[in-house]
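Take a look at the structure below.
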Protein chains: 2
Amino acid sequence: MATLQDLGVSAFINILGAFVFLLLFAVLRIQPINDRVYFPKLYIAGKRAADHRGARRAINLNLCTYFKFLSWVPGALRMTQTELIHHAGLDSAVYLRIYTLGLKIFLPVMVVALLVLIPVNVSGGTLLKLRKDVMFSDIDKLSISNVSPGSNRFFIHLLMAYVFTFWTCFMLYKEYSNVAFMRLHFLASQKRCADQFTVIVRNIPHVSSHSTSETVDEFFRRNHPDHYLGQQSVYNANRYAKLVKQKERLQNWLDYYQLKFERHPEKRPTGRTGCFGFCGRKVDQIDYYRARISELDKRIASERHRVLNDPKAVMPVSFVTFDSRWGAAVCAQTQQSKNPTQWLTNWAPEPRDVYWQNLAIPFFSLSIRKFLISIAVFALVFFYMIPIAFVQSLANLEGIERVAPFLRPVIEVKVVKSFLQGFLPGLALKLFLYILPTVLMIMSKVEGYVSLSSLERRTASKYYYFMLVNVFLGSIIAGTAFEQLDSFFHDPPSQIPRTIGVAVPMKATFFMTYIMVDGWAGIANEILRMKPLVIYHLKNMFIVKTERDRERAMDPRSIALGENLPSLQLYFLLGLVYAVVTPILLPFIIVFFAFAYLVYRHQIINVYNQEYESAAAFWPQVHSRIIASLLISHVTLFGLLSTMKAAYSTPLLIFLPLLTIWFHKYCKSRFEPAFRKYPLERRLWRRTGWSTHRSQA
Amino acid sequence: MATLQDLGVSAFINILGAFVFLLLFAVLRIQPINDRVYFPKLYIAGKRAADHRGARRAINLNLCTYFKFLSWVPGALRMTQTELIHHAGLDSAVYLRIYTLGLKIFLPVMVVALLVLIPVNVSGGTLLKLRKDVMFSDIDKLSISNVSPGSNRFFIHLLMAYVFTFWTCFMLYKEYSNVAFMRLHFLASQKRCADQFTVIVRNIPHVSSHSTSETVDEFFRRNHPDHYLGQQSVYNANRYAKLVKQKERLQNWLDYYQLKFERHPEKRPTGRTGCFGFCGRKVDQIDYYRARISELDKRIASERHRVLNDPKAVMPVSFVTFDSRWGAAVCAQTQQSKNPTQWLTNWAPEPRDVYWQNLAIPFFSLSIRKFLISIAVFALVFFYMIPIAFVQSLANLEGIERVAPFLRPVIEVKVVKSFLQGFLPGLALKLFLYILPTVLMIMSKVEGYVSLSSLERRTASKYYYFMLVNVFLGSIIAGTAFEQLDSFFHDPPSQIPRTIGVAVPMKATFFMTYIMVDGWAGIANEILRMKPLVIYHLKNMFIVKTERDRERAMDPRSIALGENLPSLQLYFLLGLVYAVVTPILLPFIIVFFAFAYLVYRHQIINVYNQEYESAAAFWPQVHSRIIASLLISHVTLFGLLSTMKAAYSTPLLIFLPLLTIWFHKYCKSRFEPAFRKYPLERRLWRRTGWSTHRSQA
């Protein structure tokens, strides 16, 4: 077990790390040379021009600005929510609400828990007696483990579990209703977007002697005569796209040489045509590239002609446009054909949001893909456990010393020992998780979803299962480690909550370390943007030739929902599980939520450029994951109390998960349709349920 | 354990029972006095008039007809499916297909199992060696228990499990596609039914200063302007209905006295007005009833006026009619309001199918009701187990003798012993299950479903869970009984399939007895209609006064889907589980399916009068229950093989449930929409997927 001292060392290292990162950020962000790394969104939004603050001068020499160490914070907070939605889209604004939701849930919970539970736990005092038998850390004196078994004090914990659950549900309900309202309002107030009048039709059956577009046209003219406007077929234009890309590259070179020629009009740039300009015939570069571009133009035109006329290039997918939102809503929500595997209609994703590669997958193949990927995810989730458990066992220094006695002198140095025990487990886990999102995204793509937003949501959901099994359960059970794993598989079902319940308070220090490494230092690293910074300067040095290249070297990225949502959900899980068990963990989570909120607000305003707008389609997932966390916290508490000889608690706790499940079902039917369907009602925002509902909420 | 001899006695008793029932039926059905008991459907369909076969003559004296013992069989088989649909509706015709599906699945399975598995099992021969240790019955020599542990013969069982599963899935796919086709064809070929153009709208919000019908009118005129035709409000007319009922009763008395007067014109019937005609003033009955009816007519008219004009009598429910199926389909499938708990639209059930009492339940109450009922069902399913286990333990005669030694002389009589062992457990169980469907139906009503068909489906599903846990698992685990129950709760999860797997072959004889009692004798009892027969004659004797009364005393009933579907699903479960384990059980099931098919075909043609037509909406449930049975059979086999030291079988078996689950998902997306939605496509039955699909299937 890590002692309070280990924890202190870890906290010191992480706070120092975060501080260094923030300091570095403060210095780097005011260098004009880094402007495109730290403010790309402003360039994209047109709020900052290329020559801003004299970009020519690479280094900031104004000493005053160096002293304003946290000057970015007020800037990040200044924007109102409406401006934020306008500036960065609804997805980003709602994403930030997850952090405020965390604060809203955990701040009152923390206050109550610290005021009520810590005194109860401290005065419980069994561990002081048991000291010799078990190695507990000082943290455990503040946790539920410190209460003597069979004590009546557990009624207080039980009461707190009820209070925290009701409070969480109340905040969840309010937030769900707010987000649903924001979504509907956002969709209704958008300017006439094409995608709101468009439906994507997939699995169009092949009718002989008809082209796909004729089939589609005929079908919709017959079945939606009043509102059908037109259709746009999808072509397989991979070769065409390749040619266009090639042309862009040539154009870039041409621009480069023309610029060069303008600056030194006395000398036309020349070069050789062969490999890397070392061999081949010597040519005038400007003429050469002009000739190649015009030749390519002809090929592009002929390819275009081929694609448009070749029936094989048309995919069995079409975007069908209607003359009203009503017509599109009707078409998207209804079944078109008697064969439910044909003429599948859905709201068209935004053009930016479409994942073109997956549009033409036939229904049968989709069904097999989903099946195979779900098996693969299962395997991935459960076989990753082995290496993680191995890394976790490293945290047990006694084990290392036993295996490798020659390391003992190094490990026994007090600082090294504390460092290893406090820092390693969290960091190793984090590194381990680094490549995972990419793998999961590839899996989701194989599954065949047609929009980037749904791909990210699916990735997030896979990643969540992974985190739940491997980070949460894996750390709790395999971390205490192989000694518990064995008994876990051979225990009866009633024993599993107990095993988890007993291990949870012991693992509190580990999770505190994890929150500091992953949460605090990790978020500070996010604002520093180390990787994009390095890559931008490397590109700037070697590749960038024209202003267009510099624009392209800028890498604003977007909020990585696929990774961030599951991490956030893990923090909610930790907070809810430990709220009753070891409330001293809550301040760590509060600090995380507050700090991350600031950082992400700053990044959303200045850096990220969302690739698409899904109008907060991810919220139902956020909601149900927090509900799942609540349920897990109930099971944990149930197991823990049953080992504490608090037998009377069983019947009292059983209602909590039941009520939570009912609450979830109610919220689902009450709000989820707003995220899946589009209501037909024409008169928006007036005299209807929503407005009255708003005034109640 | 029951021996082969016990089984023989049981079979003899049950076959005799079935034979006696059939004989009784053959005699009773040709008595004209029973005509309305055995052929009510023909009266209702107008194919038989009141004076058919000289109904005045009560007893059939034509001796020839007594010798045609099974003469009803050809009559039952003669009708084609199309005629059957026309005569009794699609529900009945598709219900019969469940029996033929059972025959199609199990006949080939039985042939293969008997030819391949029985020789393999018999020549396995461990039990002969173990004879002294365990009391096995002779049936077990034919079952998988007879193969020595670790034998390579288990590969044959494994192969058979794959073959049977694939065959079952193949038949299921064919049948699902057929039934879906029949359903769509039935809906399309119906004459212009009002319910196909009508949508039921629930949870209409209250708008002040508007009546409900005005609100509805305005809402649909605005949101469905092109196809909206009109709406019909629903009134709370309980008092009105009561008055109408009262009038009918008075009218009946009036008819009775008028008839009496016509027969004896010399004497006007008189009576007293007080209780039971014993006290009160003496009156002329005809005048008296005429006066009361005319007085009631006035009250009815005023009540009618009140209901139509009182805004409180209008319920927040409406039937909205459209001018086309297309318009109704659009409205039923889409979300109307931004608040998804208001303006809930669904296909209107047939007028006969509506369960009026549940129409006005608000959304929030519905959500709570569903939650509470699901808890209640859980409690019912799991606490019924205790009495069942008690009854099961009676089957263990040694146990009775130990508890009540004074009964020993009676029990030890050989015939009594065989009778008790073979007959009691099945019968006790059956009696026990008798009141259950009523309770479950009440629960479903509380849940708030709005159509009788969905009520019956929900009852069936609750009943299925009950049967699965209490009859199947309860008999397998608690039957071997309290000695296994204890270890079951304290075993690790991996042990549960083993416990079931080991117990399954031991319980084969019990289930054979069960099939004979419940299946064979039960079905023969169904055709005899003992209860309706007695009740009809009692009514005829005491209540019936006029021809209208006689019509009403006729009780054709309908197929009790709520009870019959789960029973059938239990037979599928038994067949699939025992196909590999104890194939000798299969002939019992085949006999059941064949016999029940004949009986129900006869009953559907001559007796049952379906209350409503749901166009085979129950088929998805039938399909998924059979899939669940397949999965249970896999788990059982898995557990059984793992105790048989056939360790190599584990990796080979794991694919079977996975493939089955995938098959189910595919079928669900392929066919289920046909049972839930209504396609918008206008051109039916031509050139579309369905016709091409039909030719493939």
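The values are calculated or read from the model by the stated rules, or taken from the named source; none is laboratory data. Small disclaimer: the values here were computed from a predicted structure and weren't measured. Reconstructed Cβ throughout: ideal geometry from the backbone, glycine too, with neighbour counts over all protein chains shown. Accessible surface areas use protein heavy atoms only, side chains included; no ligands, DNA or RNA. Shrake-Rupley method; radii C 1.70, N 1.55, O 1.52, S 1.80 Å.
Do you know which of the residues in region B:213-252 that are among the β-branched types (Val, Ile, Thr) and open to solvent by less than 30 Å² (accessible area, probe 1.4 Å) is nearest to the other protein chains (Cβ to nearest Cβ)?
Applying the filter and picking the extreme gives B:Thr215.
Out of (1) over 37 Å from the mean Cα position of the chain (by Cα); (2) of a type in the set (Gly, Ala, Ser); (3) away from chain A (no Cβ under 14 Å), what's the single condition that is false for B:Ala194?
(1)
Which ones in region A:316-368 are of a type in the set (D, E, K, R), part of a helix (DSSP H, G or I) and buried (at least 18 other Cβ atoms within 10 Å of the Cβ)?
A:Arg325, A:Asp353
Only residues that are among the β-branched types (Val, Ile, Thr) and in a helix (DSSP H, G or I): list them for region B:551-597, please.
Residues satisfying the conditions are B:Val577, B:Val580, B:Val581, B:Ile584, B:Ile589, B:Ile590, B:Val591.
Could you list, in sequence order, the residues of region A:500-535 that are part of a helix (DSSP H, G or I), within 25 Å of A:Arg36 (Cβ to Cβ) and in contact (Cβ under 8 Å) with a residue 40 or more places away in the chain?
Residues satisfying the conditions are A:Gly522, A:Ile523, A:Ala524, A:Asn525, A:Glu526, A:Ile527, A:Leu528, A:Pro532, A:Leu533.
Which of the numbered conditions does B:Ala395 fail, given that it passes all the others? Conditions: (1) at pLDDT 75 or above; (2) more than 14 Å from chain A (Cβ to nearest Cβ).
With respect to (1) at pLDDT 75 or above; (2) more than 14 Å from chain A (Cβ to nearest Cβ), B:Ala395 is out only on (1).
Determine the pairs where a residue that is outside the structural domain of A:Thr513 (by the TED database), located within region A:571-592, has a partner that is of a type in the set (A, V, I, L, M, F, W, C) and part of a helix (DSSP H, G or I) with Cβ atoms under 8 Å apart, the partner being 6 or more residues away or on another chain.
From residues that are outside the structural domain of A:Thr513 (by the TED database), there are no pairs.
Right, A:Lys260: on the phi < 0 side of the Ramachandran plot and open to solvent by 70 Å² or more (accessible area, probe 1.4 Å) or not? Full working, then the answer.
Numbers: on the phi < 0 side of the Ramachandran plot: yes; open to solvent by 70 Å² or more (accessible area, probe 1.4 Å): yes.
Yes; evaluated as a whole, the condition is true for this residue.
Could you grab me the full set of residues in region A:197-212 that are within 11 Å of chain B (Cβ to nearest Cβ) and under 28 Å from A:His623 (Cα atoms)?
Correct list: empty.
Identify the residue in region A:84-103 that is farther than 18 Å from A:Ser567 by Cα and over 18 Å from the mean Cα position of the chain (by Cα) and, among all such residues, is surrounded by the most Cβ atoms within 10 Å (Cβ to Cβ).
Once the filter is applied, the top-ranked residue is A:Ile85.
Taking the condition surrounded by fewer than 23 Cβ atoms within 10 Å (Cβ to Cβ) and in a helix (DSSP H, G or I), does B:Lys545 pass? Lay out the reasoning, then the answer.
On the way: surrounded by fewer than 23 Cβ atoms within 10 Å (Cβ to Cβ): yes; in a helix (DSSP H, G or I): no.
No.
Might you check whether a residue that is more than 14 Å from chain A (Cβ to nearest Cβ), within 39 Å of the chain's Cα centre (by Cα), surrounded by 14 or more Cβ atoms within 10 Å (Cβ to Cβ) and farther than 30 Å from B:Lys545 by Cβ occurs anywhere in region B:299-306?
There is no residue in region B:299-306 that is more than 14 Å from chain A (Cβ to nearest Cβ), within 39 Å of the chain's Cα centre (by Cα), surrounded by 14 or more Cβ atoms within 10 Å (Cβ to Cβ) and farther than 30 Å from B:Lys545 by Cβ.
If you scan region A:15-46, which residues turn out to be within 23 Å of the chain's Cα centre (by Cα) and closer than 30 Å to A:Ser143 by Cβ?
A:Ala18 - this is the single residue of region A:15-46 that is within 23 Å of the chain's Cα centre (by Cα) and closer than 30 Å to A:Ser143 by Cβ.
Given region A:598-697, what helices (runs of 4 or more DSSP H) lie entirely inside it while holding 2 or more residues that are within 11 Å of another protein chain (Cβ to nearest Cβ), surrounded by 16 or more Cβ atoms within 10 Å (Cβ to Cβ) and at pLDDT 90 or above? Write out each step before concluding.
Working: elements: A:619-643, A:649-653, A:655-671, A:673-676, A:689-696.
Those helices (runs of 4 or more DSSP H) span A:655-671.
Residues are listed down the side, and each one gets a yes or a no for (1) at pLDDT 75 or above; (2) within 17 Å of B:Arg529 (Cβ to Cβ); (3) of a type outside the set (A, V, I, L, M); (4) assigned by the TED database to the domain that holds B:Phe595:
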{"residue": "B:Leu22", "(1), (2), (3), (4)": "yes, yes, no, yes"}
{"residue": "B:Arg36", "(1), (2), (3), (4)": "yes, yes, yes, yes"}
{"residue": "B:Tyr43", "(1), (2), (3), (4)": "yes, yes, yes, yes"}
{"residue": "B:Gly46", "(1), (2), (3), (4)": "yes, no, yes, yes"}
